[in-house]
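Structure first, then comments.
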């Protein structure tokens, strides 16, 4: 099958909402991807934080095969074993008391918006407004873009969901100014991933928790990209010693298959009644069985500690480059195995192309950040290879 033919068909038949590079990926193995022309790429995108265990992981493939042969789909009209076991595992290893399953990150966020507004209207005396943050990103559905603090995602889709106010990230004074008596929930990413990998300060998140407690509001964390071990702890919130009332998950939870989850405390769950929300494919038995496998592997002895070690390795390598090329790299941001180099002068896309020419895949985020998002099973030697290639690109350009 020819690359040019597939790309021509893609342009002809698929709605052009993406700008893709001119190659066609065919298969993956470990932390590598292969295109139709036989080129091998070291993957530092991992399906946008989805493929935590890379490609072809034996345990994940086995979980798919076994469950697909047993029961593939019945809808949420009936009880199934994998979904119940998955919910139990999530609850027992987090702040949460209850879980709602859906199919993607943006669906998990939509569920969080509905659940918090229902709580505000029925429990908190008619509160309905949301406080979100400038530079945030929560997905592409109408509710998600309405609570995303980046105007470029709003253009052409107005009017947006009403009742949303915005404050500045890491600025408690800005938050206090934007709050109203009708605010039911503060919506925040512990790390603004798509916005450029901005890490919240401990004081900021603790301050949000205090405000929510004092003013009878809910605190909602979006851990869709930064949860599931990515930052060096099972959940990112654990590093800040702050627990939310609601948290959204997706991406790595499904090991490559689509899943979303909205976790909540019992006080939020008490406001939700049968029929308030639903998802036909939510907690699909095959995907739920894979998610059980992913969580089990993540929580194996030493695995999270290994992410911390490798994250420090990646951070140290990138910081050395920043010191070596201060005219090209402004700073390094991130935690664990989500790191970003803030570039000066050239656009991230120019660096992406240079990496791709050297058979490495990285991704942009924000207006000026090159993002490094490898599978969690990456090895230090491969991290060193990427840092060395980045050094070469910076030296030559």
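Readers should treat all values here as calculations from the given coordinates under stated rules, not as data from a laboratory. Quick caveat: nothing in here was measured; it's all calculated off a predicted structure. Glycine gets a Cβ as well: all are built from the backbone with ideal geometry, and neighbour counts include every protein chain shown.
Rounded, prolate or oblate, given the Cα gyration tensor of the stretch 164-284, with a/c below 1.5 counting as rounded? Oblate. When shorter helices are ignored and each DSSP H run of at least 4 residues is given -39500 (n - 2.57), the per-residue value for the chain at 222 nm works out to -11500 deg cm²/dmol.
Within the chain, the proportion of C-alpha pairs whose separation exceeds 38 Å stands at 19%.
Annotation: the antiparallel percentage among DSSP beta bridges lying fully within the stretch 71-298 is about 40. Largest GNM mean-square fluctuation among 80, 17, 141, using the chain with Cα springs under 10 Å: 17.
Build a GNM of the chain with springs between Cα atoms under 10 Å apart, and of 290, 246, 199 the one that fluctuates most is 199. Within the listed set 162, 82, 21, the residue fluctuating most in the Gaussian network model of the chain (springs between alpha-carbon atoms under 10 angstrom) is 21.
In terms of other Cβ atoms within 10 Å, 219, 361 run from fewest to most in the order 361, 219.
Here 236, 94 are placed in order of increasing Cβ neighbour count within 10 Å, fewest first, which gives 94, 236. Assuming a ≥ b ≥ c are the square roots of the Cα gyration tensor eigenvalues, decide whether the stretch 71-298 counts as rounded (a/c under 1.5), prolate (otherwise, with a/b larger than b/c) or oblate. Because a/c hits 1.5 or more and a/b exceeds b/c, the stretch 71-298 counts as prolate. Neighbour counts of C-beta atoms inside 10 Å place 368, 388 in the sequence 388, 368, starting with the fewest. As a test, work out the antiparallel percent of DSSP beta bridges whose residues both lie in the chain, rounded to the nearest 5. Around 65 percent antiparallel, to the nearest 5.
List the residues of the stretch 291-331 whose backbone N lies under 15 Å from a point placed 7 Å from the Cα of residue 68 along the Cα-to-Cβ direction. Within reach of a label on residue 68, which here means backbone N under 15 Å from a point 7 Å along Cα→Cβ, the stretch 291-331 contributes 291.
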